[in-house]
Amino acid sequence: MGDIQKKTYHVTTFGCQMNEHDSEILAGMLEENGYVKGKDRKNSDVVILNTCSVRENADKRFFGTLGQLKKTKEARPEYTVCVCGCMMQQQHIIDTIKQKYPWVDIIFGTHNMHEFPKLLESVMSERKKITDVWGEAGDIVEGLPAKRLYKHKSFVNIMYGCNNFCTYCIVPYTRGRERSRAPEDIIAEVRDLVADGVREITLLGQNVNSYKGRSRSAENEKIWDFADLIYALNEIEDLERIRFMTSHPKDLSDKLIQAYADCDKLCNYIHLPVQSGSSRILREMNRKYTKEHYLELIGKIKKVAPDITISTDIIVGFPGETEEDFEETLDLVKKVEYDSAFTFLYSIRKGTPAASYENQIPEDIKHERFNRLVELINSISAVKNKAYEGRVEKVLVEGESKTNKKTLTGRTEGFKPVNFEGSKDLIGRTVKVRITEGKTFSLFGEVITDGPKTE
Ligand code: 5AD
Ligand code: SF4
């Protein structure tokens with residue numbers, strides 16, 4: 001017989017980019033401990049389900065997936081089932097798992113992810129079950145390895161948690177208060193990534209533009225704000241693109257808007273969640289801005305960066321939303337002319353203030369409004385994308401298209417997906433593409449140069 005077979009793992013991620021990045025770290029820690037990626041959930045030795053409590057139906061999908069693992073666990077008792085992420089920060093979820101899904105081996109939360117290898121080790125050696133969820137975050141843990149999903153682009157966490165308590169949102173309860181990493185740690189991480197071939201970074205946080213990073217330098221005690229960080233990262237040689245997610249309109253400073261003009265690496269793109277176009281609903285949501293204030297911000301951004309592409313998040317059917325409130329949202333969408341938008345049907349999150357509001361909106365009305373909103377957004381996207389026809393865009397080539405092996409796919413600076421024919425050698429490079437067709441959700445084009453990586 002040859003070497004002892006290495007143990008395999010499989011991670012399933014529900015939810016947002018923060019979770020995707022946490023999964024990269026979980027995989028990185030496992031690989032550092034000698035595990036290798038398994039073929040699928042059923043045939044791996046250790047499975048992790050990294051959960052989300054924000055996205056619609058993510059909880060149903062999670063419990064559905066967990067149910068499917070029962071048979072495998074019965075057939076192979078050494079099969080190790082681990083669950084983590086936002087949902088585990090809620091006691092009622094832990095209770096449900098223990099009652100109805102007793103085959104789970106490890107339950108851990110968002111604040112002690114770095115301890116996962118230690119928890120796994122004790123479960124493996126003692127074959128006991130562990131629940132270890134911290135109610136509060138400890139200090140930020142630096143230097144965790146990550147197994148990156150992509151070679152040429154990478155997520156970089158800059159802050160964790162949220163202090164905003166929007167009345168519909170569970171995040172402040174599951175991810176805790178805002179904590180920012182030291183600027184030196186972020187810059188060092190980005191330099192390392194760039195040295196490893198990364199060309200595009202996405203700075204991650206629940207509310208990146210309220211970043212407040214205390215410098216580690218003794219003589220420079222200054223607190224860095226988000227714009228300071230962007231200006232500093234813009235100086236890193238061989239880094240081509242800087243993106244960030246997600247920002248809150250109330251924290252969007254003039255200094256950050258100016259960075260769009262001054263920092264050539266900051267992509268001409270902003271995701272600025274508005275949630276509703278009605279100032280009355282925005283107040284009920286505790287968003288701390290009005291429709292007028294939001295539109296004023298958009299005006300300022302467009303003035304500094306006329307070609308910017310803009311996307312947003314919108315919730316339809318928040319408790320008490322009237323037809324008039326909803327029409328304010330439609331009006332705002334028309335005024336901003338979003339390139340794209342994530343639309344959500346309001347749904348109750350246990351433990352949030354809005355969950356106990358009495359004036360919940362009936363499902364049929366929510367759906368009817370949702371459909372009208374999506375139709376409007378799509379019609380605007382279609383017109384905007386059509387206007388790209390004939391334009392030449394710089395595209396960072398990400399890989400082969402999932403549906404057609406002959407086609408490559410990448411994104412413009414404005415985050416629009418572009419499909420085009422080309423050789424695989426172009427993956428990881430920035431090429432010029434002439435757009436030949438602009439559809440509602442993507443662009444099609446042809447490469448006009450495969451020359452130097454940036455021009
Ligand atoms: N119902 C519907 N959508 C929600 N979001 C957050 N909480 C809820 C909820 N209870 C949406 C918001 C947020 C996005 C990530 O998820 O639009 O920006
Ligand atoms: Fe949730 Fe509001 Fe914080 Fe965003 S800003 S994570 S919507 S509480």
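With N set to the residue count of the chain, report its C-alpha Rg divided by 2.2 N^0.38 Å to two decimal places.
Working: Rg = 22.9 Å, N = 455, 2.2 N^0.38 = 22.5 Å.
Compactness ratio reported: 1.02.
Between Tyr150 and Ala355, with labels modelled 7 Å along Cα→Cβ, what's the label distance in nm to one decimal, could you check?
Taking the simple label geometry, Tyr150 and Ala355 are separated by 3.4 nm.
Net charge around Ser278, counting only other residues with Cβ within less than 10 Å of its Cβ (Lys, Arg = +1; Asp, Glu = -1)?
Working: positive: Arg280, Arg283, Lys291; negative: Glu284, Glu321, Glu324, Asp325, Glu327, Glu328, Asp331.
Surrounding charge for Ser278 is -4.
I'd like to know how the stretch 150-267 sits against the 2.2 N^0.38 Å rule of thumb: what's its Cα Rg over that expected value?
Working: Rg = 14.3 Å, N = 118, 2.2 N^0.38 = 13.5 Å.
This ratio for the stretch 150-267 stands at 1.06.
Output the antiparallel fraction of DSSP beta bridges having both residues in the stretch 2-132, as a percent to the nearest 5. Could you put the intermediate results ahead of the total?
Details: 0 of 18 bridges.
In the stretch 2-132, DSSP labels about 0 percent of beta bridges as antiparallel.
With the cut-off at 32 Å, tell me which of the pairs Lys151/Lys334; Lys7/Lys212; Lys37/Lys129; Lys303/Lys405; Lys73/Lys350 have Cα atoms farther apart than that.
On the way: Lys151/Lys334 37 Å; Lys7/Lys212 41 Å; Lys37/Lys129 23 Å; Lys303/Lys405 40 Å; Lys73/Lys350 30 Å.
Table pairs above 32 Å Cα-Cα are Lys151/Lys334; Lys7/Lys212; Lys303/Lys405.
When you have a sec, figure out the Kirkwood radius of the stretch 348-455 from all distinct Cα pair distances and drop it here in Å to one decimal? Don't jump to the answer; show the numbers that get you there.
Working: mean 1/r = 0.0617 Å⁻¹.
Hydrodynamic radius (Kirkwood, Cα pairs) of the stretch 348-455 is 16.2 Å.
Aspartates and glutamates within cross-link reach of Lys42: Cα-Cα under 18 Å, excluding same-chain residues under 8 positions apart?
Filter leaves Glu74, Glu78, Asp105.
From a point 7 Å beyond the Cα of Lys255 in the direction of its Cβ, which residues of the stretch 173-198 have a backbone N at a distance under 14 Å?
Label zone hits: 183.
How large is the accessible surface per residue of the chain, computed with a 1.4 Å probe and reported in Å² as a whole number?
On the way: 21110 Å² over 455 residues.
Value for the chain: 46 Å² per residue.
Go through the stretch 259-301 and name the trypsin sites (Lys or Arg not before Pro) that are in a DSSP coil and have 15 or fewer other Cβ atoms within 10 Å of their Cβ. Intermediate results must be reported in sequence, preceding the final value.
Working: sites: Lys265, Arg280, Arg283, Arg287, Lys288, Lys291, Lys300; in loops: Lys265, Arg287, Lys288.
Loop-located and lightly packed - Lys288.
Quick one: if the Förster radius is 60 Å, what FRET efficiency do Leu330 and Lys70 give, using the C-beta to C-beta distance and rounding to 0.05? If you can, show how the numbers build up before the last one.
Details: r = 46 Å, r/R0 = 0.76.
That pair, Leu330 with Lys70, gives E of 0.85.
Going Cα to Cα from Lys416, which aspartates and glutamates come in below 12 Å? Please leave out same-chain ones fewer than 8 positions away.
Asp339, Glu393
How big is the convex hull of the Cα atoms of the stretch 298-386, per residue, in Å³?
Numbers: hull volume 9.1 nm³, N = 89.
Value for the stretch 298-386: 102 Å³ per residue.
Can you give the accessible area of Arg216 in Å² (nearest 10), computed on protein heavy atoms with a 1.4 Å probe?
Looks like 150 Å² after rounding.
Over the chain, what is the relative contact order in percent, taking alpha-carbon pairs closer than 8 angstrom and at least six residues apart?
Details: 874 pairs, mean separation 41.1, N = 455.
Relative CO of the chain lands at 9 percent.
Regarding the stretch 71-207, what's the average projected area of the Cα-atom convex hull, expressed in nm²? Don't skip to the end; give the middle numbers.
Numbers: hull surface 41.3 nm².
Over every viewing direction, the Cα hull of the stretch 71-207 projects on average to 10.3 nm².
Given just the C-alpha atoms of the stretch 160-226, how large is their convex hull per residue in cubic angstrom?
Working: hull volume 6.7 nm³, N = 67.
Output value, Cα hull per residue: 100 Å³.
Translational diffusion coefficient, Stokes-Einstein: compute it for the stretch 2-132 using the Kirkwood radius over C-alpha pairs as Rh, at 37 °C and 0.692 mPa s, and state it as an integer in µm² s⁻¹. Write out the running numbers ahead of the final one.
Numbers: Rh = 14.8 Å.
Here the translational diffusion coefficient equals 223 µm²/s.
Convex hull over the Cα atoms of the stretch 392-448, averaged projected area in nm²? Working shown, then result.
Values: hull surface 13.6 nm².
It is 3.4 nm².
Just grab the label-to-label distance for Gln5 and Glu115, each label 7 Å out from Cα along the Cβ direction, in nm (one decimal).
For Gln5 paired with Glu115, the spin-label model returns 3.3 nm.
Between Arg372 and Asp132, what FRET efficiency comes out of the Förster formula 1/(1 + (r/R0)^6) with R0 = 45 Å and r the beta carbon distance, rounded to 0.05? Walk me through the numbers before you get to the answer.
Details: r = 46 Å, r/R0 = 1.02.
With a Förster radius of 45 Å, E is 0.45.
The values are calculated or read from the model by the stated rules, or taken from the named source; none is laboratory data. Source: prediction; values computed, not measured. Note that each Cβ is placed from the backbone with ideal geometry, even for glycine, and that neighbours are counted across all protein chains shown. Side chains are part of the model used for accessible areas, which takes the heavy atoms of the whole protein and leaves out ligands, DNA and RNA. Shrake-Rupley method; radii C 1.70, N 1.55, O 1.52, S 1.80 Å.
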